[in-house]
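Notes follow the structure.
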Amino acid sequence: MKKTYFLSIATCLAVTYISAQSLEESKKRGKEIYTDFCVTCHLPNGKGVEKTFPPLANSDYLMKNREASIRGIKYGQKGEIIVNGNTYNSTMAPMGLSDDEVADVMNYISNSWGNKNEKEVTEEEVAKIKKATN
């Protein structure tokens, strides 16, 4: 009985470690993607450009609208959104990122500049997100 209990705990710890390691690797790749595709508008500090490009830093929209945020990165975004109490109505062109790249950049931005998200965005989750039909 003790041996089984110990193995169960060891298995849980190993899965947790592998998952945390996977998230850290994803965030590293996401930072590179952010630097290549996003930094021009959202800036190195994630604060965006006031009244033009919304902040990702301490972003209530990013943290409360996971699916919409993924969709915006994957397909681009246009129309009005409210971020941290401020209205933004600009266009973000689709970046042409693959599903795994979208997941990586989401993991990076949702764990940077005051944001904290321990639930990893996966390639499979991104693949399920379809383009909005407006």
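The values are calculated or read from the model by the stated rules, or taken from the named source; none is laboratory data. What you see is a predicted model; the values in this text were computed from it and never measured. Quick note on the areas: whole protein, heavy atoms, side chains included, nothing else; ligands and nucleic acids left out. Shrake-Rupley method; radii C 1.70, N 1.55, O 1.52, S 1.80 Å.
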Inset, instruction - Report the accessible area of residue 130, computed with a 1.4 Å probe over the heavy atoms of all protein chains in place, in Å² rounded to the nearest 10. - result: 130
Legend entry - Backbone HN-Hα couplings from phi across the stretch 55-70 [Karplus 6.51/-1.76/1.60, Hz, Gly and Pro as x]: x, 9, 5, 6, 8, 5, 4, 4, 7, 9, 10, 4, 5, 5, 5, 4
Inset, instruction - Just list whichever of 74/130; 47/130; 28/119; 64/119; 51/131 have alpha carbons separated by over 19 Å in the model shown. - result: 47/130; 51/131
Inset, instruction - Quick one: give the max-minus-min coordinate of the C-alpha atoms of the stretch 2-128 along each principal axis, largest first, in Å. - result: 60, 28, 25
Legend entry - Sequence-distant residues sharing a close amide H with residue 83 (under 5 Å, placed H): 88
Legend entry - Length released on extending from residue 87 to residue 21, taking residue separation times 0.36 nm less the Cα-Cα span: 20.1 nm
Legend entry - Per-residue SASA entry for residue 36, accessible area with 1.4 Å probe, Å² rounded to 10: 120
Inset, instruction - Find how much the distance from residue 60 to residue 36 grows on full extension, using 0.36 nm per residue of separation minus their present alpha carbon separation; answer in nm with one decimal. - result: 6.2 nm
